[in-house]
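The values are calculated or read from the model by the stated rules, or taken from the named source; none is laboratory data. Everything numeric in this text was worked out from a predicted model, so none of it was measured. Don't worry about glycine lacking a Cβ; one is built from the backbone with ideal geometry, like all the others, and counts go over all protein chains shown.
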Amino acid sequence: MSENGYFGVFGGKYVPEVLRRPIDELEKGFYEAIQDPSFLEELKTLQDNFIGRPTPLLFAKNATADLGGAKIYIKMEGLANTGAHKINNAIGQALLVKRMGKTRVIAETGAGQHGVATAAACAHLGIPCEIYMGEVDVRRQQPNVATMEMYGAKVIPVRSGSKTLKDAINEAMRDWASHPDTTHYLIGSALGPAPFPDMVRIFQSVIGREVKEQAAAKNLDIAALVACVGGGSNAIGFFEPYLEATAPRLIGAEAGGIGTGYGENAARMTGNAAREGIVHGYKSRFLLTEDGQMAETRSISAGLDYPGINPQFADLGVSGRVEFMAIPDKEVLEALQYFARKEGVFFALESAHAAAAALRIVKEIPKDKAIIINMSGRGDKDIFITSPVFRNRQWKEFLKSELTRLESGADIYHAKN
Amino acid sequence: MKPTSPIRLMAHLVAGFPDYETGLLIADSLVKGGAHFLEVQFAFTDPSADGPAIQTANALVLSKGFTTARAFEFVAAIHERHPDIPVFVMTYASLVYTPQVKHFVAEAKAAGVAGLIIPDLPFDHDEGLTEACKANGMVNIPVVVPSMSEERLAQIIEMKFPYLYTALRAGITGQKTVIDQNTLDFIRRVSEGGAKVLGGFGIGSGEQSKTLAPHVYSVIAGSAFINIVHELFDETHLEESRKKIAQAIEAKARELSGG
């Protein structure tokens, strides 16, 4: 838990005055809600029936036998309703919105997983919602755009800046500053001004609590937990019960992108490109130029393509409690394919960073110990990114013929090929 | 030369927008049109409190490789041309915090800046900005808004800032603002501690400016000028478009300063 919104020197409420009141009201509303048994009971019911919790802890027996190191377990967060851990936080905040009497929700999304989760949560609880999404992300995560719209959300493409997650956050902040009385900004990552980092961690900590129980039931001796870290929401929730302890090892996998140079990755905790900064309402480690301009980022996964990191992770990285690794895109794709073939488990590109980090260290860990990977999301949404990589020619032919069919208005039974 | 126009106008421009030379010409035109103060914004990649007009200006400036050092040169050039016009710099926390607050403030001082407006370094999270400004004979100008809690408003009034940048409504820059009784009541409350109220957000016409002027120390206008530049700047006919911009900016400043 933060002290007055700070984790060591990181965190805080660096927001324009117009956002201070809604943030303070949210803080008060949130802490009241999580002390109220009726709120927690309602949340629990939604977790059981709407999200489908608990998610399984799967023993990856083929991969374990193949690699000959620690026992590999996969926390199957991707089996949660809407396909990723994002729903844990979205449903929690949406329930809070109802309680606080706000009538409209806005959200940002990168990979689209948080947008989908928010759209579903809002549909379920009957709250109108609008989702800001960078135009680049709209393109690379089109299936999620379709899903959000299916849930009745309005998806607003953001064309400013680099047209990715950070710009979607800017646009959501502008909207919130214009409608602070009626609207709740449902942030999906564990970042932004206090109380968001605490709130998102608390709603996501259900992952870690389940893992702890499941591991105890299986008598696992956990050597390491591995999660991907973009903003940091799945990782902070997964690690939560272990943060105060000295074991197991906690490993965060960042986006290594296509290289270590400027604009080629999104590594905030490794390498030399990141520095301490204040952006988007909080102090943390960011990819910034010497002047303090936000640097370009690059990753195959839209969800990790963000220049900042959860302020608590900045602190935990400095203290050494959490280790970080930057995983290049290529290694991510290899890990994705490995677990799909060996285990029948299809990681989202984001989560595949964690899988790749686990593959790096699993052989160093003795066989009687366990390593747990958080599969924060499943990979169905990435078909437009993975198909061109793994089956380029067939994918191109399919898209061409599908376009021809759509343009001719032919029924799918009468399409060529 | 001190301005003589009846309404004290604080006119906003973005450093280096639409280019360095035209930007300086805009500053000249604002002063000629009767501006009493200039608010020079330093471009940031993520201007989350600005509307589309200023966002686009920020992006354009940065796409040309504009740096903080160059922005300070721009300000110093304005200060040299108009030594009687106080220049305030507005930007975001990242540009002030990253090179270290003390360092940024010292650079500002060297460029002849009179004060700083950093909306995302609020008075209770200012990273030493107010102190650093004081130490350099400059002022930190916090932003106040009508929706702030009475508790915070009382705190900020108590702190006796010489100026308070008063946004007259919620939202971002460039949207329309209506000046009603609630707005006037808020302005009166804000000035209770003796702070000079700089009031703005969405002021674009002479009529609005006249309505507001009797109640504030200075009227702020920004997007109205930026929009003129967006409309008239044409790199293929540079000299001609500069002339048009200079005329239009001067006329707008005159309209807003009642001159």
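Of the residues examined, residue A:327 is not one that is crowded, with 24+ Cβ neighbours inside 10 Å, under 30 Å from residue B:48 (Cα atoms), away from every other protein chain (no Cβ under 14 Å) and modelled with pLDDT of 95 or more. If you filter segment A:184-217 down to residues that are over 19 Å from residue A:32 (Cα atoms) and polar (S, T, N, Q), you find that the one that is farthest from the other protein chains (Cβ to nearest Cβ) is A:214. All of A:87, A:23 fail the test of being assigned to a helix (DSSP H, G or I), under 30 Å from residue B:142 (Cα atoms) and touching a residue at least 24 places away in the same chain (Cβ under 8 Å), apart from A:23.
One line per residue, one yes/no per condition, for (1) more than 17 Å from residue B:12 (Cβ to Cβ); (2) in contact with a Ser or Thr (Cβ under 8 Å, 6 or more places away or on another chain); (3) among the hydroxyl-bearing types (Ser, Thr, Tyr); (4) part of a helix (DSSP H, G or I):
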residue	(1), (2), (3), (4)
B:197	no, yes, no, no
B:209	no, yes, yes, yes
B:231	no, no, no, yes
B:252	no, no, no, yes
B:259	yes, yes, no, no
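Exactly one residue out of A:220, A:288 is within 29 Å of residue A:20 (Cα to Cα) and outside the structural domain of residue A:113 (by TED's automatic domain parsing), and it is A:288.
Scanning segment A:287-310 for residues that are in a strand (DSSP E or B) and at the interface with chain B (Cβ under 8 Å from one of its Cβ atoms) gives A:288, A:294. The listed residues are A:300, A:278, A:251, and the only one of them that is among the β-branched types (Val, Ile, Thr) and closer than 26 Å to residue A:206 by Cα turns out to be A:251.
Of everything in segment A:280-297 that is free of Cβ contacts under 8 Å to residues at least 40 places away in the same chain and of a type in the set (A, V, I, L, M, F, W, C), the residue that is surrounded by the fewest Cβ atoms within 10 Å (Cβ to Cβ) is A:295. Residues of segment A:83-119 that are within 16 Å of the chain's Cα centre (by Cα) and of a type in the set (A, V, I, L, M): A:84, A:87, A:90, A:91, A:107, A:111, A:116, A:117, A:119. Within segment B:17-29, identify whether any single residue is at pLDDT below 95, over 26 Å from residue B:163 (Cα atoms) and surrounded by fewer than 24 Cβ atoms within 10 Å (Cβ to Cβ), and answer yes or no. Among the residues of segment B:17-29, not one is at pLDDT below 95, over 26 Å from residue B:163 (Cα atoms) and surrounded by fewer than 24 Cβ atoms within 10 Å (Cβ to Cβ), which makes the answer no.
Tallying residues that are surrounded by fewer than 19 Cβ atoms within 10 Å (Cβ to Cβ) and either hydrophobic (A, V, I, L, M, F, W, C) or assigned by TED's automatic domain parsing to the domain that holds residue A:141 (or both) within segment A:347-364 yields 1.
Of all the residues in segment A:1-20, those that are more than 14 Å from chain B (Cβ to nearest Cβ) and either of a type in the set (Phe, Trp, Tyr) or free of Cβ contacts under 8 Å to residues at least 24 places away in the same chain (or both) number 2. Kindly evaluate residue A:42 against the criterion of being within 14 Å of chain B (Cβ to nearest Cβ), surrounded by fewer than 20 Cβ atoms within 10 Å (Cβ to Cβ), in a helix (DSSP H, G or I) and touching a helix residue (DSSP H, G or I) at 6+ places or on another chain (Cβ under 8 Å). Against the criterion (within 14 Å of chain B (Cβ to nearest Cβ), surrounded by fewer than 20 Cβ atoms within 10 Å (Cβ to Cβ), in a helix (DSSP H, G or I) and touching a helix residue (DSSP H, G or I) at 6+ places or on another chain (Cβ under 8 Å)), residue A:42 does not qualify.
The single residue among A:91, A:131, A:74 that is surrounded by 24 or more Cβ atoms within 10 Å (Cβ to Cβ) and within 30 Å of residue A:219 (Cβ to Cβ) turns out to be A:74. From the list A:232, A:161, the one residue that fits, being modelled with pLDDT under 95 and either within 14 Å of chain B (Cβ to nearest Cβ) or on the phi > 0 side of the Ramachandran plot (or both), is A:161.
For segment A:184-211, taking the residues that are among the aromatic types (Phe, Trp, Tyr) and touching a Phe, Trp or Tyr at 6+ places or on another chain (Cβ under 9 Å), the one that is nearest to residue A:2 (Cα to Cα) is identified as A:196. For residue A:381, are the conditions met, namely being among the basic types (Lys, Arg), assigned to a helix (DSSP H, G or I) and touching a residue at least 40 places away in the same chain (Cβ under 8 Å)? For residue A:381, the condition - among the basic types (Lys, Arg), assigned to a helix (DSSP H, G or I) and touching a residue at least 40 places away in the same chain (Cβ under 8 Å) - is met.
When the residues of segment B:144-168 are narrowed to those that are within 14 Å of residue A:16 (Cβ to Cβ) and surrounded by fewer than 20 Cβ atoms within 10 Å (Cβ to Cβ), which ends up modelled with the highest pLDDT? Checked segment B:144-168; the qualifying residue modelled with the highest pLDDT is B:152.
The conditions of being outside any strand (DSSP E or B), on the phi < 0 side of the Ramachandran plot and among the aromatic types (Phe, Trp, Tyr) are not met by residue A:324. Among the candidates A:316, A:243, the residue that is surrounded by 22 or more Cβ atoms within 10 Å (Cβ to Cβ), more than 14 Å from chain B (Cβ to nearest Cβ) and farther than 15 Å from residue A:350 by Cβ is uniquely A:316. The numbered conditions (1) free of Cβ contacts under 8 Å to residues at least 24 places away in the same chain; (2) away from chain B (no Cβ under 13 Å) are all true for residue A:174 except (2). When the test is whether a residue is within 14 Å of another protein chain (Cβ to nearest Cβ) and at pLDDT below 90, residue B:179 does not pass it. Counting residues in segment B:100-113 that are at pLDDT below 95, out of contact with any Asp or Glu (no Cβ under 6 Å at 6 or more places or on another chain) and surrounded by fewer than 20 Cβ atoms within 10 Å (Cβ to Cβ) gives zero. For segment B:32-71, filtered to residues that are surrounded by 24 or more Cβ atoms within 10 Å (Cβ to Cβ) and closer than 22 Å to residue B:239 by Cα, the residue that is nearest to the other protein chains (Cβ to nearest Cβ) is B:66.
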